[in-house]
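Peer 1: First the structure, then my questions, so here it is.
Only the coordinates and a few stated rules stand behind these numbers; no lab work does. Everything numeric in this text was worked out from a predicted model, so none of it was measured. Don't worry about glycine lacking a Cβ; one is built from the backbone with ideal geometry, like all the others, and counts go over all protein chains shown.
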Amino acid sequence: MMNPLPGGGTVTFSGAASGTTVTDPSGHFSYLTSNASLGQVSAVGVDLLGQLSNTATANISVSPPSITLNFTYGTGGNITLSGTVADIDAGVRPVTFSGVVNTTVTTRPDGSFSLTTHTTGVGAIQATTMDLWGLTSAAAQVSINPTPPVITDFNGIQGANNCWTFSGKVTAQEPAGMMVALDGLPSLHTVAQVQADGTWSVTVQLAMGEKGTATANTTDWWGQEANEAMFFVG
């Protein structure tokens, strides 16, 4: 405040922030508040003689937050989403996912976040955040698009008592734990679990003299079907 007696004057704020403070002996003042919004703030001073100052104005404005998003494949159909929020107050901010993942997580104090989850299928995932001022970031996006599974090396070996061992290999993004369904013959209706290296095998006793084409099928964690593999039993 420019006044012969600047100290002890009252400054009143209105608009995007409200409250009062008192000037120091040199007329300077400061005011800290957590109750403010974006927009214009007006300030008016009153000296010890009750005289009003001019009205001064200032704008409260901030840049919207920004967000990054990455992902890695895990096991059993899991993916891990991770990224960072950049903002004045980056910690404890909500990160909202949409697309083939729909949930919300909270950032760590440094603005980083991560989530391990399943998706509802193949497709895009978007992530957005909102700052303390209500500003929303632009969406960051990743695409979950694994190569469909492929069954190779489908084979059958006959053993004693017409017990056949069927085996093969699945090439997929996360093969461990996938199930291969075998069919095609009256006595062949079973499944085999895929190992971490993609191999699988199962032993089935077929009826004596049973002949025909055995089939093997599988579907990955994202609902993508493999080619149908065939082996002739005869």
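Peer 1: Could you tell me whether region 1-57 comes out rounded, prolate or oblate from its Cα gyration tensor? Rule is a ≥ b ≥ c as square roots of the eigenvalues, rounded for a/c under 1.5, then prolate if a/b exceeds b/c, otherwise oblate.
Peer 2: prolate
Peer 1: Find the relative contact order for region 10-60 and round it to a whole percent, using C-alpha pairs within less than 8 Å whose residues are 6+ positions apart.
Peer 2: Values: 87 pairs, mean separation 18.2, N = 51.
Relative contact order of region 10-60: 36 percent.
Peer 1: Now, a different point. How large is the translational diffusion coefficient of region 150-233 in µm² per second when you combine the Kirkwood radius over alpha carbon pairs with Stokes-Einstein at 25 °C and 0.890 mPa s?
Peer 2: It diffuses with D of about 192 µm²/s by this estimate.
Peer 1: Sticking with this structure for a sec: Determine, for Ser201, Ser34, the number of other Cβ atoms within 10 Å of each Cβ, and report the residues in order from fewest to most.
Peer 2: If I rank by nearby Cβ atoms, fewest first, I get Ser34, Ser201.
Peer 1: So how do Glu210, Glu225, Glu174 line up by other beta-carbon neighbours within 10 Å, fewest first?
Peer 2: On the way: Glu210 15, Glu225 11, Glu174 20.
Result, fewest neighbours first: Glu225, Glu210, Glu174.
Peer 1: For Cα pairs less than 8 Å apart in space and 6+ apart in sequence, what is the mean separation divided by the residue count of the chain, i.e. the relative contact order in percent?
Peer 2: 13 percent
Peer 1: What order do you get for Phe166, Phe231 when you list them from fewest to most C-beta neighbours inside 10 Å?
Peer 2: The order, fewest Cβ neighbours first, is Phe231, Phe166.
Peer 1: If you bin every alpha carbon distance in the chain into 10 Å steps from zero, what whole percent lands in each bin?
Peer 2: 7, 21, 15, 13, 12, 9, 7, 6, 5, 3, 1, 0
Peer 1: Less than 14 Å Cβ to Cβ from Ser187, Lys/Arg counted +1 and Asp/Glu -1: what total charge do the surrounding residues give? Mind showing how you got there, number by number?
Peer 2: Working: positive: Lys211; negative: Asp183, Glu210.
Net local charge, Ser187 excluded: -1.
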